[in-house]
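Read through the structure below, which is laid out as structure tokens, and then see the notes.
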Amino acid sequence: MASLLQPNRVVYLVCGEKKIRSPLSQLYFCRYCSELRSLECVSHEVDSHYCPSCLENMPSAEAKLKKNRCANCFDCPCCMHTLSTRATNIPAPLPDDPTKTAMKKAYYLACGFCRWTSRDVGMADKSVEIIYQEGQPDRVLVFFHVTQEKYGLGTRLQRQRSGAPISSLAGLSLKEGEDQKEINIEPAQALDEVEPLPEDCYTRPISLPEVTTLRQRLLQPDFQPAGASQLHPKHKHLLMKRSLRCRKCEHNLSKPEFNPTSIKFKIQLVAVSYIPEVRIMSIPNLRYMKESQVLLTLTNPVETITHVTLVACEEGDSDDINSTAKVIVPTKELVLAGKDAAAEYDELAEPQDFQDDPDVVAFRKSNKIGFFIKVIPQKEEDEDVTVSFKIRHDFRNLAAPIRPSEESAEAVPEAIWLTHHVELSLGPLAN
Amino acid sequence: MPLFEALGSGGEKTAVVIDLGAAYTKCGFAGETGPRFIIPSEIRKPGQQQAIKVVQYNINTEELYVNLKEFIHMLYFRHLLVNPRDRRVVIIESILCPSHFRETLTKVFFKQFEVPSVLFAPSHLMSIMTLGINSALVMDCGYTETLVLPVYECTPILPAWEALPLGGKAIHKEMDGLLVEQCTVDTDSSSGQSVPTVIGTIPEEIIEDIKVRTCFVSDLQRGFKIQEAKFNLDGTAERPAPPPDVDYPLDGEKILHIKGSIRDSVMEILFEQDNEEKSVASLILDALVKCPIDTRKVLSENLVVIGGTAMLPGFLHRLLAEIRLLVEKPKYRDILATKSFRLHSPPAKPNCTAWLGGAIFGALQDILGSRSVSRDYYNQTGRIPDWCCLSSPPPESVFDAGKTPPPLMKRAFSTEK
């Protein structure tokens, strides 16, 4: 019955700008606002950049300079796979003694997937291992630079460095003592004639491997070459790690580690580590208008004892739009033991004594209990039987600063009661 | 070799420039010479094979919001790799974009991504910024349609717009019809099968690839002969010799034999005149006729063609020839005195020219700041002004009595000193 553990079976309601229903495993919990947050109601920020093939972290200033491309890794222009550097031995004359030849290493790039090599486009083998290649359309640069000067009249002054490719021209500050010059750019001249198609276009057979596909062309927006012999490899584009921030209180909900190889988080305020989780354990045959008992489990993620009360949704509840069955939840308060990581190894631990009503609580195991709810399907249609109820539990905010009080010797944060709306999808009616 | 840092004075970061087209989106940063990425304007939902097009005007607002949100999310966090909150946004759009699409896009940017400001720049106006001229007759041959808009002294002459739904989409449809009708597929086991029996419908990506790699636009004389042979009114017209056939591999096993006659005839739909005698070339002359007389000479000598469909081999040459032929026809001969037509070649590929203009404009930080719609303004008024509904005045609470009101979307560029 692994399908009962599917995440979409049990969804929690998030009240933000929009009401979102999402499994608890995909939600975050802001412990400063004491509310659930989903991916849509948090703001995403770029945290760090890294290369996906060499897994090297790149500081953001360097990433900006290199246009978010890795310096060492290349992508195949044909199939976008990562290129590997291969070496061959070529005989080359020694520098000091031209008559003797020695084996020197020559490096070239090759793709392991489509067998493209850098020799196909005419790139010479290099003797240094890192092959750096980047091209800029020069006439665009010069024109761009001059155009920006004209339209930026009176706002910025460019310093012209001859020969230097200008990669970005966003406003530069005025140096002291320099006057603003009025720069005239020549408007472009229109041409009377356009080059016609070459005559052999009508008669020459096409060799498809030599013509680039649209996708290959668009990978290089500046050049967009039509012939495969002009497809040069590009540096690999970086990926980034994201951090999430609550929109209301501006605290971080999730912050990954700096190191690209690490999957841990510096800050990880996920909902499953604060909110008790409801899961479906077993469902009997559900029949129309007949009461059946469904077994659910409730897991306590925190280390303190948690008290949970379940409340059925009232008539006319605005959140209760999907339920197709009536549900009778246990009225008594359920007590969940704290999560104790060492419990299974500690043989001398005394079993905690909770008086459990056997009609309500089916079993209890460390921080988990199984309990029954009664479900009466109200609709006879083919769709899934859905029930919803509210779960009310106490939450101790360990992060909030504790007000220094004169009497208390121990710092025990006050418990606040949180209510969440939960919907379960119990599957179709049995026939 | 010193390289300029991408920081303006005052530490303002470069703006993000996005050209959201119906088929492809060009995105990048202001002040650069080309877009960083040209990606298809579609999103993929997990589990679905068919991608969903983002630029759809007929779906309801909720779905459009979700699609746009996911697409812009992918743009920022997979391609541009920057924080949306830090940078202003310049969006290149078509003037015929429906207001509700603009409003939804603005809502996504302001509410979801919290960008500081948004500027909607018309693509025709931006493309002349790349040339350093003030007036031009701009034709945008895109995916859904071909749109002509004259711009005189940096002001679009809005009443003179002309459009036809002849673009990449129409070409794909025509090509699909021709391939299904005339071509055969060879598989491992059999040969000469008709297309529908082997693969059903041909996916649009494959048709687009066939169009880009094998098709071209014939010159004027040849084009006329092909059109005559197609309509064959006399029964005597003979088609000129078709170019060679192409064997197009569909996947590892199947090969599609594309007839050579398709390669040059499918583009003729752009130049065949329909019942109203409209074709892509006549749009330019019709727009000229609608323009004021004094502007016509300047406009006809400054033609600019942008858009992906204009990158077809032989398109520009044929376009100029068609215009020169049409202007001698009685319909135009007496109205248009100007007979000289000149074409510009912008410093970028035609599919990126409008983007480049936006990038140039986006690099002018002071002007960009004053012309954009800021997030505060949007939060107070709840709407973004469009050229067709500028007139609803902002409420009194927006600005103080002493200050000047915030600028509404007027011209994107002003010649006032």
Relative to the longest principal axis of the C-alpha atoms of chain B, give the angle of the C-alpha long axis of helix B:280-290, reported between 0 and 90° and rounded to the nearest 10°. 50
If you take the accessible area of B alone, add that of A alone, and subtract the area of the pair, what total do you get in Å², probe 1.4 Å, to the nearest 100? 6900
If you place +1 on the Cβ of every Lys and Arg and -1 on the Cβ of every Asp and Glu, how big does the dipole about the Cα centre of the range B:97-226 come out, in debye to the nearest 20? 320
Largest to smallest accessible area among B:M139, A:M289 [probe 1.4 Å]: A:M289, B:M139
Per-residue mean of C-beta atoms belonging to partner chains within 10 Å, peptide A:215-227: 5
Within straight cross-link reach of B:K259, meaning Cα distance under 26 Å, which lysines are found once same-chain residues fewer than 8 apart are removed? B:K169, B:K173, B:K211, B:K225, B:K230
Are there any residues in the range B:189-221 with a reduction of at least 20 Å² in accessible surface when going from the isolated chain to the assembly of protein chains? Probe 1.4 Å, please list them by number. B:D209, B:V212, B:R213, B:F216, B:D219
What one gets for the range B:168-269 as the Kirkwood radius, inverse of mean 1/r over different Cα pairs in Å, is 14.3
Cα extents of the protein assembly as shown along the three principal axes, largest first (Å): 98, 83, 80
Sorted list, accessible surface of protein heavy atoms, 1.4 Å probe, largest first, for B:S189, A:S323, B:S127 is B:S189, A:S323, B:S127
Note: probe point = Cα of A:D382 + 7 Å toward Cβ; backbone nitrogen < 19 Å; residues of the range A:248-288 passing the test are A:286-288
Largest first and in whole Å, give the semi-axes of the range B:247-316's equivalent ellipsoid, each being the square root of 5 times a Cα gyration tensor eigenvalue. 37, 14, 8
Förster radius 41 Å - calculated FRET efficiency between A:S3 and A:S229 (Cβ-Cβ, nearest 0.05): 0.15
Looking only at aspartates and glutamates whose Cα falls under 15 Å of A:K368's and that sit 8 or more positions away or on another chain, we get A:E277, A:E303, A:E333, A:D340, A:E344, A:D353, A:D356
Roughly how many nanometres apart are two label points built 7 Å out from the Cα toward the Cβ at A:M103 and A:M80? 3.9
Output the 0 to 90 degree angle, nearest 10, between the alpha-carbon long axis of helix B:220-231 and the longest principal axis computed from the alpha carbons of chain B. 60
Determine the shielding of peptide A:192-205 by partner chains: average, over its residues, the number of Cβ atoms on other chains within 10 angstrom of each Cβ. 6
For the pair B:A229 and A:A415, how long in nm is the line joining their label points, each one 7 Å along Cα→Cβ? 8.8
Whole-angstrom gap from the range B:131-160 to the range A:283-344, using each part's C-alpha centre: 64
Report the normalised scattering of the range B:89-246 as log10 I(q)/I(0) at q = 0.09, 0.20 Å⁻¹, calculated by the Debye formula with identical scatterers on the alpha carbons. -0.53, -1.28
About its Cα centre, the protein assembly as shown carries a charge dipole, from +1 on Lys and Arg Cβ atoms and -1 on Asp and Glu Cβ atoms, whose size in debye to the nearest 20 is 1500
Karplus 3J(HN,Hα) series, Hz, for the range B:166-175 with 6.51 cos²θ - 1.76 cosθ + 1.60 (x for Gly, Pro): 10, x, x, 5, 5, 5, 5, 5, 4, 5
In whole percent, the fraction of accessible protein surface over the range B:179-277 that belongs to carbon or sulfur atoms, probe radius 1.4 Å, stands at 46
Expected field for A:W417, accessible surface area in Å² at 1.4 Å probe radius, rounded to 10, holds 110
Using 0.36 nm times the number of residues separating B:N60 and B:E103, minus their current alpha carbon distance, what extension gain do you get? 14.2 nm
Give the dimensionless ratio obtained when the Cα radius of gyration of chain B is divided by 2.2 N^0.38 Å. 1.08
Where only protein heavy atoms count, and the probe is 1.4 Å, what is the accessible area per residue for the protein assembly as shown in Å²? 50
Per residue of the range B:83-93, what does 6.51 cos²θ - 1.76 cosθ + 1.60 with θ = phi - 60° give for ³J(HN,Hα)? Whole Hz please, x for Gly and Pro, Karplus curve as stated. 7, x, 5, 8, 10, 5, 10, 10, 10, 8, 9
Semi-axes of the equivalent ellipsoid of the range B:276-344: what are they in whole Å, largest first, if each equals the square root of 5 times a C-alpha gyration tensor eigenvalue? 20, 14, 11
What aspartates and glutamates could a cross-link reach from A:K105, if we take a straight Cα to Cα line under 12 Å and drop same-chain neighbours fewer than 8 places away? A:D125, A:E129
Cα-Cα separations in the range A:40-95 greater than 18 Å, expressed as whole percent: 56
Taking Cα atoms, how many degrees apart are the long axis of helix B:315-326 and the longest axis of chain B, rounded to 10 and kept between 0 and 90? 80
Rounded to one decimal in nm, the spacing of the 7 Å Cα→Cβ label points at A:Q355 and A:C54 is 7.0
The protein assembly as shown - mean residue ellipticity at 222 nm from DSSP helices (-39,500 (n - 2.57) per run, n ≥ 4, rounded to 500): -5500 deg cm²/dmol
Under the Karplus relation 6.51 cos²θ - 1.76 cosθ + 1.60, θ = phi - 60°, what is the ordered set of whole-Hz ³J(HN,Hα) values for the range B:204-212, x standing for Gly and Pro? 5, 4, 6, 5, 4, 5, 5, 4, 5
So which of A:K332/A:K374; A:K64/B:K349; A:K67/A:K241 end up more than 20 Å apart by C-alpha? A:K64/B:K349
Taking the alpha-carbon centroid of each part, what is the distance from the range A:12-49 to the range B:268-294 in angstrom? 54
Show me the ranking of peptides B:141-151, B:195-205 by mean Cβ neighbours inside 10 Å, starting with the highest. B:141-151, B:195-205
Which value, in Å² rounded to 10, gives the accessible area of A:E186 with a 1.4 Å probe and all protein chains present? 150
First measure r as the distance between the Cβ atoms of A:I90 and A:F113, then evaluate 1/(1 + (r/R0)^6) with R0 = 22 Å and state the FRET efficiency to the nearest 0.05. 0.30
Inter-chain shielding metric for B:240-248, i.e. average beta-carbon neighbours from other chains within 10 angstrom, reads 3
Nearest-0.05 FRET efficiency for A:S366 and B:N379 at R0 = 41 Å, using Cβ-Cβ distance, is 0.25
Under 5 Å from the placed amide H of A:V385, counting only residues 5+ away or on other chains, we find A:L426, A:G427, A:L429
Got a number for the accessible area of A:C313? Probe 1.4 Å, square angstrom, nearest 10. 30
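The values are calculated or read from the model by the stated rules, or taken from the named source; none is laboratory data. This structure is a prediction, so every number in the text was calculated from the model and none was measured. For neighbour counting, all protein chains shown are included, and Cβ atoms are generated from backbone atoms with ideal geometry for every residue, glycine included. Surface areas here come from the heavy atoms of the whole protein model, side chains and all, with no ligands, DNA or RNA. Shrake-Rupley method; radii C 1.70, N 1.55, O 1.52, S 1.80 Å.
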